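The values are calculated or read from the model by the stated rules, or taken from the named source; none is laboratory data. All values reported here derive from a predicted model rather than from experimental measurement. Virtual Cβ from ideal backbone geometry, glycine too; neighbours counted across all protein chains shown. For the accessible areas, the whole protein counts, side chains as well, though only heavy atoms, and no ligand, DNA or RNA atoms are used. Shrake-Rupley method; radii C 1.70, N 1.55, O 1.52, S 1.80 Å.
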Amino acid sequence: MLHSADMAGLKIEEVTLREIRLPLVNFFETSFGRVYERRVLLLELRTEASTGWGECVADDAPRYSYETVDTAWAILKRFVVPTILGCTIEDPDELSKMLKSIRGHSMAKACVESAFWDAQAKSLGVPLWQFLGGTRSKIPCGVSIGIQDSPEELLRKIEKELRSGYQRIKIKIKPGWDTEIVREVRRRFPKIPLMVDANSAYTAADFDRLRELDQFDLMMIEQPLAHDDVFLHGKLQDQIQTPICLDESIRHSADALQAIELEACRIINIKMGRLGGHAEARRTHDLCQSHQIPVWCGGMLETGIGRAHNVALSTLQNFTLPGDVTASHRYFRRDTIRPSVEVTADGHIIPSDEAGIGYEPDIDWIRENMDQYEVFTAD
Ligand code: OSB
Ligand code: MG
């Protein structure tokens with residue numbers, strides 16, 4: 001148990017932003033479109049005592065979120081970094097509060113906030129997952145499989161992931177790649193834990209179509225309706241049996257409370273980047289727990305640094321469902337950390353017992369793939 005008396009304030013002396021570009025091993029297609037590579041913003045935060053790392057989950061284009069790699073860079077440079085640079089900060093909750101003066105831009109904030117959590121865990125010599133209050137010594141893993149060129153290709157991919165040990169399959173759906181596809185998957189795999197993610201591709205006009213999914217015994221339907229809607233999800237949940245899981249619609253714990261009170265979902269996908277950092281992610285986790293709403297950890301095609309943060313967060317008690325946090329090699333030939341994240345034959349990730357995020361940034365590989373960098377030093 002850590003007491004606040006053990007925590008010394010840490011002065012933030014230097015922040016380095018780096019942008020890298022890595023090709024994906026396989027393209028990834030959602031209802032937003034297909035991506036072949038990942039532009040990623042990495043952040044290194046130096047204090048007197050230790051160095052922490054964060055990864056911004058914003059994508060190249062404003063599809064999943066309004067944030068992009070370029071907006072995150074600009075917001076970090078002009079507002080987030082100047083707010084904290086040179087400050088001595090007692091704990092991550094204090095840093096999280098300081099960033100409240102900047103509206104929105106959660107992914108930009110989460111990148112710096114998570115790096116500070118890593119730095120402070122390292123300065124205390126404890127693994128980040130323990131510092132966050134995690135209790136799980138292994139986390140259950142599912143996979144998210146994108147839209148494919150054919151149903152046969154999708155069935156092949158599912159088969160491969162099941163053979164690797166993954167505990168549940170999530171497939172992406174959109175109008176035209178939904179009921180018939182799910183029917184074929186169920187015909188081939190009648191018993192597997194299966195769910196679908198629509199990434200906001202449906203509207204109020206599609207309720208009949210969404211109701212058809214009830215026949216397939218799905219664990220949940222993730223974010224069927226608009227990213228900025230909770231009310232309509234409540235209407236839909238009232239008309240279908242399958243639990244709705246919200247992703248895009250939950251921007252902070254207050255959104256989660258609203259969605260739970262409106263009975264707009266029965267499960268919540270927690271993404272630290274979308275929620276603005278570990279502090280708000282944990283608050284949302286705790287709120288869901290107190291309402292008996294299970295959560296799981298989503299993914300954003302992160303490289304190793306973001307992946308390591310997701311592993312740490314997933315050790316909190318109410319992460320009872322398998323998440324989308326999977327092995328590095330499913331995404332990248334070589335990851336930004338060493339060792340890479342591995343999944344056991346029975347579909348678990350074992351959190352590292354090293355201090356902080358528990359993985360070493362592979363600085364040579366990061367430099368080799370870097371498109372730009374900028375250093376901010378306190379005076
Ligand atoms: O909606 O969960 C999502 C990837 C990018 C953006 C949004 C989502 C996803 C995924 C992939 O589903 C999760 C992963 O494997 O990292
Ligand atoms: Mg999703």
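Could you say which residue among Thr303, Thr320 is hydroxyl-bearing (Ser, Thr, Tyr) and more than 14 Å from ligand 1 (Cβ to nearest atom)?
Thr320
Those residues that are open to solvent by 30 Å² or more (accessible area, probe 1.4 Å) and either at pLDDT below 95 or part of a loop (DSSP other than H, G, I, E, B) (or both), I need them from the stretch 336-351; list them, please.
Pro339, Ser340, Glu342, Val343, Thr344, Ala345, Asp346, Ile350
Could you tell me whether Lys157 is within 29 Å of Tyr36 (Cβ to Cβ), of a type in the set (D, E, K, R) and within 16 Å of ligand 1 (Cβ to nearest atom)? If you could, list the steps in order and put the result at the bottom.
Details: within 29 Å of Tyr36 (Cβ to Cβ): yes; of a type in the set (D, E, K, R): yes; within 16 Å of ligand 1 (Cβ to nearest atom): yes.
Yes.
Among the residues in the stretch 181-198, are any outside the structural domain of Arg251 (by TED's automatic domain parsing) and among the aromatic types (Phe, Trp, Tyr)? Steps first, answer last, please.
Filtering the stretch 181-198 down to residues outside the structural domain of Arg251 (by TED's automatic domain parsing) leaves none.
No, the stretch 181-198 contains no residue that is outside the structural domain of Arg251 (by TED's automatic domain parsing) and among the aromatic types (Phe, Trp, Tyr).
Report the residue count in the stretch 197-242 for those that are more than 16 Å from ligand 1 (Cβ to nearest atom) and either at pLDDT below 95 or of a type in the set (A, V, I, L, M, F, W, C) (or both). Outline the logic, then answer.
To start, the set of residues in the stretch 197-242 that are more than 16 Å from ligand 1 (Cβ to nearest atom) comprises 203-217, 230-232, 234-242.
Pick out the ones that are also either at pLDDT below 95 or of a type in the set (A, V, I, L, M, F, W, C) (or both) and you get 204-205, 207, 210, 213, 216, 230-232, 236, 240.
Residues flagged as more than 16 Å from ligand 1 (Cβ to nearest atom) and either at pLDDT below 95 or of a type in the set (A, V, I, L, M, F, W, C) (or both) within the stretch 197-242 amount to 11.
If a residue counts only when it is touching a residue at least 12 places away in the same chain (Cβ under 8 Å) and within 16 Å of ligand 1 (Cβ to nearest atom), which helices (runs of 4 or more DSSP H) contained entirely in the stretch 15-119 have at least 1 such residues?
Qualifying helices (runs of 4 or more DSSP H): 69-75.
Which members of the stretch 160-179 meet the condition of being open to solvent by 50 Å² or more (accessible area, probe 1.4 Å) and of a type in the set (Gly, Ala, Ser)?
Ser164, Gly176
Condition (residue is in contact (Cβ under 8 Å) with a residue 12 or more places away in the chain, more than 25 Å from Val81 (Cα to Cα), open to solvent by 30 Å² or more (accessible area, probe 1.4 Å) and away from ligand 1 (no atom under 12 Å from the Cβ)) applied to the stretch 359-375: is it met by at least one residue?
Within the stretch 359-375, none of the residues are in contact (Cβ under 8 Å) with a residue 12 or more places away in the chain, more than 25 Å from Val81 (Cα to Cα), open to solvent by 30 Å² or more (accessible area, probe 1.4 Å) and away from ligand 1 (no atom under 12 Å from the Cβ).
Return only the number of the condition from (1) crowded, with 24+ Cβ neighbours inside 10 Å; (2) in contact with a helix residue (DSSP H, G or I) (Cβ under 7 Å, 6 or more places away or on another chain) that Ile305 does not satisfy.
(2)
Residues in the stretch 183-196 that are away from ligand 1 (no atom under 12 Å from the Cβ), of a type outside the set (D, E, K, R) and touching a residue at least 24 places away in the same chain (Cβ under 8 Å): how many?
Here is the first cut: in the stretch 183-196, the ones away from ligand 1 (no atom under 12 Å from the Cβ) are 183-194.
Narrowing the set further to residues that are of a type outside the set (D, E, K, R) leaves 185, 189-190, 192-194.
When the remaining residues are screened for being touching a residue at least 24 places away in the same chain (Cβ under 8 Å), the result is 185, 189, 192-194.
So the count comes out to 5.
Is it the case that Asp206 is open to solvent by 20 Å² or more (accessible area, probe 1.4 Å) and within 29 Å of Leu257 (Cβ to Cβ)?
yes
In the stretch 243-269, which residue that is assigned to a loop (DSSP other than H, G, I, E, B) and open to solvent by less than 10 Å² (accessible area, probe 1.4 Å) is farthest from ligand 1 (Cβ to nearest atom)?
Ala264
Kindly evaluate Ile20 against the criterion of being open to solvent by less than 40 Å² (accessible area, probe 1.4 Å), farther than 24 Å from Arg338 by Cα and either small (Gly, Ala, Ser) or away from ligand 2 (no atom under 16 Å from the Cβ) (or both).
no
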